[in-house]
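*Asks:* Sharing a structure, written as structure tokens. Questions coming.
Just so it is clear, none of the values below were taken in a lab; they were calculated from the coordinates. Quantities reported herein were computed from a predicted structural model and do not represent experimental measurements. Ideal geometry is used to build each Cβ from the backbone, glycine not excepted, and the neighbour counts take in all protein chains shown.
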Amino acid sequence: MAIMITDECINCGACEPECPNTAIYEGGIEWTWAGGTNLNEVTKEDGTVVDAHEKQEPVSDEFYYIVTDKCTECTGFHEEPQCAAVCPVDCCVDDPDHRESEEELLAKKIFMHGE
């Protein structure tokens, strides 16, 4: 499962530098697949190929957000999600809409960073 940031976020930014996948962005900031990864292009589920350096629309304009498709819950890097470990208001929580097994999370990590 991925982590999500709830609307209780106080926009302190403590989580952003802790993410090994660069999956956390400030509200209103565009994101890229390439940021923090080895990706040059990504094939989406519909078969569309996207330049990994192409800017994507922000997930939230109001507070920090996590790009679900880049979140691995720190699998392969740390024992626990680092965003949740440093959040002073406990708003980095499991996303009930995006449940993934440890194997799926590790596969996502390998996809973005290699072995």
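*Asks:* Only Lys, Arg, Asp and Glu count, each charged at its Cβ (+1, +1, -1, -1), so figure out the dipole size of region 3-113 about its Cα centre, rounded to 20 debye.
*Replies:* 380
*Asks:* For the chain, just say rounded, prolate or oblate: build the C-alpha gyration tensor, square-root its eigenvalues into a ≥ b ≥ c, call rounded for a/c under 1.5, and beyond that prolate if a/b exceeds b/c, oblate if not.
*Replies:* Details: a/c = 1.74, a/b = 1.25, b/c = 1.38.
Oblate shape, in that a/c is at least 1.5 and b/c is the bigger or equal ratio.
*Asks:* I would also like to ask the following. Could you work out how far apart the two model spin labels at Ile29 and His78 are, taking each label as a point 7 Å from the Cα in the direction of the beta carbon, and quote it in nm?
*Replies:* Label-label distance for Ile29 and His78, simple model: 1.6 nm.
*Asks:* Calculate how steeply helix 102-113 sits against the longest principal axis of the alpha-carbon atoms of the chain, using the helix alpha-carbon long axis, and give the answer as 0 to 90 degrees to the nearest 10.
*Replies:* The helix 102-113 is inclined about 70 degrees to the chain.
*Asks:* While we're here: Measure off 7 Å from each Cα along the Cα-to-Cβ vector at Glu115 and Glu54, then give the distance between these two points in nanometres to one decimal.
*Replies:* Result for the modelled spin labels: 3.1 nm.
*Asks:* Once you keep just the Cα pairs under 8 angstrom separated by 6 or more residues, what percentage relative contact order results for the chain?
*Replies:* On the way: 207 pairs, mean separation 44.3, N = 115.
With pairs under 8 Å counted, the relative contact order is 39 percent.
*Asks:* Now for a different question. Tell me which of Cys71, Gln56, Gly35 sits at the most positive position along the dipole axis of the chain, charges placed on C-beta atoms (Lys, Arg +1; Asp, Glu -1).
*Replies:* Gly35
*Asks:* Using Cβ contacts closer than 10 Å as the measure, can you line up Cys74, Cys83 from fewest to most?
*Replies:* Neighbour counts put them in this order, fewest first: Cys74, Cys83.
*Asks:* Here's another thing I want to ask about it. Report the trypsin sites (Lys or Arg not before Pro) located in region 1-85 that are in a DSSP loop and have at most 16 other Cβ atoms inside 10 Å of their Cβ, or state none.
*Replies:* Here the sparse-neighbourhood loop sites are Lys44, Lys55.
*Asks:* Given labels modelled 7 Å from the Cα in the Cβ direction, how far is it in nm from Leu106 to Asn11?
*Replies:* Once both label points are built, they end up 4.0 nm from each other.
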